[in-house]
Amino acid sequence: MKKIGISLRTSNAYDYEEDRDAIATDWYHFLNSLNWKHDWVLLPSLGNNSAEYAKHHNIEGLILTGGDSIGSNARRDESEKLLLEFAIQQRLPVLGVCRGLQQLYLYYGGKLINTDDEQHIATRHQVKISTTLPFEYNENLTIDVNSYHSQLLAPGTSHIDMMAQDKAGFIEGIIDAPNKIAGIMWHPERESDCASFDKALFNWLFKDKDI
């Protein structure tokens, strides 16, 4: 299994004036359900030093996690942008989750749409897998997912391929198959059980072929 770097979200410190980063414990449970053991490195938002930190820890893949809208925290925005550029330069597999997907979409030239649409905030809906997948997945191509985002991806504004969309046609998943880069708008770590699609996607991106 590759050593995967995982970005962190901003965490306010009660009664303290200091920068803090955190990750939901849901991620530990989710990655353990994939039998990943502890082959990951938590990547704090270090601004200009973020890529150097990731390099020092010899990460072999990158997950950009969710939480916090892009634009709400400049330190995290800059850190994840530099981590993504480093990963792509090093030809590492990358997965963006929710906010992380949006970060990927911006990198590939896309634009975001701010919305207060209740169909996407703290709810569930269906998405359809809309492309030929580079990994084995033979189950239903319409899947039920959670939704916690207030920014949508403007269709037709990015150079990366669409992988999934909702019933209104908005993009819910993207993929750059040759470079092993993908993004999903839903949160697999917040589900009680690992969905078969999410497991297939994570293993395609990060699991060594001979394991």
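The values are calculated or read from the model by the stated rules, or taken from the named source; none is laboratory data. All figures in this text were calculated on a predicted structure; none of them were measured in a lab. Heads up, the Cβs are rebuilt from the backbone with ideal geometry, glycines too, and the neighbour counts pull from every protein chain shown. Only protein heavy atoms, including side chains, enter the accessible area calculation; ligands, DNA and RNA are left aside. Shrake-Rupley method; radii C 1.70, N 1.55, O 1.52, S 1.80 Å.
From the list ARG99, ARG91, ARG9, the one residue that fits, being closer than 19 Å to GLU189 by Cα, among the charged types (D, E, K, R) and open to solvent by 60 Å² or more (accessible area, probe 1.4 Å), is ARG9. Residues of the stretch 22-40 that are closer than 24 Å to ASN12 by Cα, out of contact with any helix residue (DSSP H, G or I) (no Cβ under 7 Å at 6 or more places or on another chain) and assigned to a helix (DSSP H, G or I): TYR28, HIS29. Only one of the numbered conditions (1) surrounded by fewer than 18 Cβ atoms within 10 Å (Cβ to Cβ); (2) touching a helix residue (DSSP H, G or I) at 6+ places or on another chain (Cβ under 7 Å); (3) not aromatic (Phe, Trp, Tyr) is not met by LEU43, and that is (1). One residue stands out in the stretch 47-74 among those that are open to solvent by 30 Å² or more (accessible area, probe 1.4 Å) and touching an Asp or Glu at 6+ places or on another chain (Cβ under 8 Å): the one that is modelled with the highest pLDDT, namely ASN48. Only residues that are surrounded by 15 or more Cβ atoms within 10 Å (Cβ to Cβ), of a type outside the set (Lys, Arg) and outside any helix (DSSP H, G or I) were counted across the stretch 201-211, and they come to 0. Pairs are defined by a Cβ separation below 7 Å, a sequence spacing of at least 6 or placement on different chains, a first member in the stretch 63-84 that is at positive phi, and a second member that is of a type in the set (Ser, Thr, Tyr); the pairs so defined are ASP68/THR10.
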